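A.B. asks: Have a look at this one.
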Amino acid sequence: MQSYATNVANKTLITNHYDPLLTQVTGLANNSKAYLNKGDFRQKDFQAQSFGGNYASLKQVKRRYDPEGVFYGTALVGSDDWEVASDGRLCRSSESN
């Protein structure tokens, strides 16, 4: 089993090295998308990379069925409505619409 530090280092490598390479490669092929197994909330445009042009309509569906934002994940639809405070609390984003 890998240590926590090793897992963090590997995830950082994926975010900083491999994700930009994927963006370069997939950006050449008709706006196609690719990702490595799981969405990465640290990716600057994870919404576009993971959901493409469907993000806005998916967010409307989420608001219809989860108007209070109970179901949350760091790289899921609607996660941009939330931010983690310095003390670890999950708070509504000041930019949420």
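A.B. asks: It is to be established whether one or more residues within the range 38-51 are outside any helix (DSSP H, G or I), under 15 Å from VAL77 (Cβ atoms), small (Gly, Ala, Ser) and modelled with pLDDT under 75.
C.D. replies: Yes: the range 38-51 contains one or more residues that are outside any helix (DSSP H, G or I), under 15 Å from VAL77 (Cβ atoms), small (Gly, Ala, Ser) and modelled with pLDDT under 75.
A.B. asks: Still on this structure, I have one more. Among residues belonging to the range 21-37 that are surrounded by fewer than 12 Cβ atoms within 10 Å (Cβ to Cβ) and either among the acidic types (Asp, Glu) or in a helix (DSSP H, G or I) (or both), point out the one that is modelled with the lowest pLDDT.
C.D. replies: That would be VAL25.
A.B. asks: Mind listing whichever residues of the range 69-97 are surrounded by 15 or more Cβ atoms within 10 Å (Cβ to Cβ) and either in a loop (DSSP other than H, G, I, E, B) or under 11 Å from the mean Cα position of the chain (by Cα) (or both)?
C.D. replies: Those that are surrounded by 15 or more Cβ atoms within 10 Å (Cβ to Cβ) and either in a loop (DSSP other than H, G, I, E, B) or under 11 Å from the mean Cα position of the chain (by Cα) (or both): GLY69, ALA75, LEU76, VAL77, GLY78, SER79, ASP80.
The values are calculated or read from the model by the stated rules, or taken from the named source; none is laboratory data. Please read all numbers here as calculations on a predicted model, not as lab measurements. Cβ atoms come from the backbone with ideal geometry, glycine included; neighbour counts cover every protein chain shown.
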